[in-house]
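The values are calculated or read from the model by the stated rules, or taken from the named source; none is laboratory data. No experiment lies behind these values; they were computed from the predicted model shown. Positions of Cβ are backbone-derived with ideal geometry, glycine not excepted, and every protein chain shown enters the neighbour counts.
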Amino acid sequence: MLSCCILAFLALAASGSAEAACLVDSCANGNETAKWQAAIDSAAAAGGGVVNVPAGVHRVGGLELRSNVELHLEKGAVIEALCGLENYRVVKLSYSEGDWSAIVMGLSVTNVAVTGEGTIDGRGALWPPTPKGFKGCHEGLRARGLFFAYSKGVRLEGYTLRNTACWGQVFKNCDGVTARNITVFNHGNQNNDGFDIEAKNVLIENCVLDTNDDQFCIKSNDPGFTVENVTIRNCVARGQASAFKIGTATRGIVRHVRVENLRCEPPRGIFSRYADGTPAKYLYHLGVYHHPETYPYGFGLVGIAVECVDGGLVEDVVVDGVTFVDGFKIPIFVRADRRAHHHDDDGLKRGEYNVLRDVVIRNVKGYVIGPTASSITGTKDFRVQNVLLENIDIVQPGAGEAAGLLAAEDPAPYRENCYPSPDIYFPGILPAYGLYIDCADGVELRNVRFRTLAEGPVELRPEIVRTGR
């Protein structure tokens, strides 16, 4: 019976029908949403407690945690997400990117937890990226994995999160978040981030992430909420966008961020829309510079990205200890700008700070696969301030003679008002093979070395270029 449903789903998906997303669930056995929500509510009514989910498959729509309740997934327990927003509560929040729904949600709660050795499976491939009648990928029309907003004391530990329809784990205006020993494999749809952090007093440690978008992403949308005291340590980042990123949304204040001991590796999963696992055409950053047998699932774009492009203030960021184990294109991207395109349709306005300063990136080593250089760049009106690079040792392939001569003809590219991604600002290679610095003040380099492979293409560009602007 289920195989017939999958075939029907694939037929509708190929035709672009939005209704295809829910077809499998109409044939599935059981909807346990009410059962588990009642258990959560009962525990909360008793003053709090642990709701144990036993081994087996439990299909649910959106569950809402209550204060003082822990949802514990026992070994072998699988929470499978129902498809279609009709199975979820959809909320609108101020200073927020779109609408919100999630498999597990907590709104204005205190002392909550999701723990255990079980799995949360978002079944994201069954959700159409763009429902009929809409343009773009519309993150708000696909359920996130776990979402907490305006909450205090959130603890996440031990479980595996797989294939959500959108972002994986999101914290908005939260105070006190701990996430540890979590495995994320998120290649089920578009916008499959690992963690999206808009919170303060956050600790994320000992997590392994493999996503087709950003792995760790810090954002700021609310000018009245300061994102601060965020620590990410002893984690593995595999993916097809940024391993660690501050941005894209940077409208308020982000400060006191620490990243320690981050290992960056190639992704091990590919974006797939269809229920039978057939790969779709949409992919982030496929392997351009190497053969597909070397990087069958593409590669990461940026290891360390620190951006401020929406008028915000980003300061006191320390990244200490990053190892590239192949599979990323660009080690470092620091960018200050005022992008032209932003979410006016969400009522989100630019901040009034326009400051990116006091960034330290040290103890970075390893091999990256692209000849595009690292960069620290601002604009003539919005300059990067005070960046220290220390103990950097990166090996990368050369660009080749023809590409090097072409880069020399445009020694100081200047672009502004773009979406903050290096392949948009600098679609070709840069005048330097290692580090390009433009519209930046107080950039200090200590024991910094960028090297090219001796057996690779020739490299005619200098190691480091400062434009003097």
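Within region 316-336, track down each residue that is buried (at least 20 other Cβ atoms within 10 Å of the Cβ) and either at pLDDT 95 or above or more than 19 Å from the chain's Cα centre (by Cα) (or both).
317, 319, 322, 324, 331, 332, 333, 334, 335, 336 - these are the residues of region 316-336 that are buried (at least 20 other Cβ atoms within 10 Å of the Cβ) and either at pLDDT 95 or above or more than 19 Å from the chain's Cα centre (by Cα) (or both).
Condition check: at negative phi and touching a residue at least 40 places away in the same chain (Cβ under 8 Å). Does residue 225 satisfy that?
So residue 225 passes the test.
What are the residues in region 361-394 that are in a strand (DSSP E or B) and modelled with pLDDT under 95, if any?
367, the sole residue that qualifies.
Is at least one residue of region 220-243 within 26 Å of residue 153 (Cβ to Cβ), of a type in the set (Ser, Thr, Tyr), surrounded by 24 or more Cβ atoms within 10 Å (Cβ to Cβ) and out of contact with any Cys (no Cβ under 7 Å at 6 or more places or on another chain)?
Yes, the conditions are met somewhere in region 220-243.
Restricting region 64-101 to residues that are part of a strand (DSSP E or B) and within 23 Å of the chain's Cα centre (by Cα), which is surrounded by the fewest Cβ atoms within 10 Å (Cβ to Cβ)?
This residue is 92.
Answer with yes or no whether residue 254 is under 22 Å from residue 183 (Cα atoms), aliphatic (A, V, I, L, M) and at pLDDT 95 or above.
Spelling it out, it is not the case that residue 254 is under 22 Å from residue 183 (Cα atoms), aliphatic (A, V, I, L, M) and at pLDDT 95 or above.
Would you say residue 457 is surrounded by 15 or more Cβ atoms within 10 Å (Cβ to Cβ) and at pLDDT below 90?
yes
Only one of (1) among the acidic types (Asp, Glu); (2) under 22 Å from residue 70 (Cβ atoms); (3) within 14 Å of the chain's Cα centre (by Cα) is not met by residue 175, so which one is it?
In the conditions (1) among the acidic types (Asp, Glu); (2) under 22 Å from residue 70 (Cβ atoms); (3) within 14 Å of the chain's Cα centre (by Cα), residue 175 misses (3) alone.
Could you check region 420-469 for strands (runs of 3 or more DSSP E) lying wholly inside it with 2 or more residues that are on the phi > 0 side of the Ramachandran plot?
Answer list for region 420-469: 440-452.
From the list 177, 154, which one is within 20 Å of residue 250 (Cβ to Cβ) and crowded, with 23+ Cβ neighbours inside 10 Å?
177
Does any residue in region 65-79 that is in contact (Cβ under 8 Å) with a residue 12 or more places away in the chain come within less than 7 Å, Cβ to Cβ, of a residue that is aromatic (Phe, Trp, Tyr) six or more places away or on a different chain, and which pairs are these?
Listed by first residue and then by second, the contacts come to 73/159.
Could you list, in sequence order, all residues of region 391-419 that are in contact with an Asp or Glu (Cβ under 8 Å, 6 or more places away or on another chain) and over 24 Å from residue 459 (Cα atoms)?
416, 417, 418
Report the residue count in region 178-203 for those that are within 14 Å of the chain's Cα centre (by Cα) and within 16 Å of residue 260 (Cβ to Cβ).
2
Could you grab the pairs with beta carbons closer than 8 Å, sequence gap of 6+ or different chains, first residue in region 296-317 and at positive phi, second one outside any strand (DSSP E or B) and among the aromatic types (Phe, Trp, Tyr)?
Final answer for the pair search is 298/284; 311/353.
May I ask you to say which residue of 154, 170, 112 is out of contact with any Asp or Glu (no Cβ under 8 Å at 6 or more places or on another chain), part of a strand (DSSP E or B) and closer than 30 Å to residue 224 by Cα?
Residue meeting the stated conditions: 154.
For the condition modelled with pLDDT of 95 or more and either exposed (fewer than 15 other Cβ atoms within 10 Å of the Cβ) or part of a loop (DSSP other than H, G, I, E, B) (or both), what is the one hit in 50, 104?
50 is the lone residue from the list that is modelled with pLDDT of 95 or more and either exposed (fewer than 15 other Cβ atoms within 10 Å of the Cβ) or part of a loop (DSSP other than H, G, I, E, B) (or both).
Within region 176-224, which strands (runs of 3 or more DSSP E) (wholly inside it) include 2 or more residues that are at pLDDT 95 or above and either farther than 26 Å from residue 117 by Cβ or touching a helix residue (DSSP H, G or I) at 6+ places or on another chain (Cβ under 7 Å) (or both)?
In region 176-224, 195-205, 216-220 are the strands (runs of 3 or more DSSP E) which contain 2 or more residues that are at pLDDT 95 or above and either farther than 26 Å from residue 117 by Cβ or touching a helix residue (DSSP H, G or I) at 6+ places or on another chain (Cβ under 7 Å) (or both).
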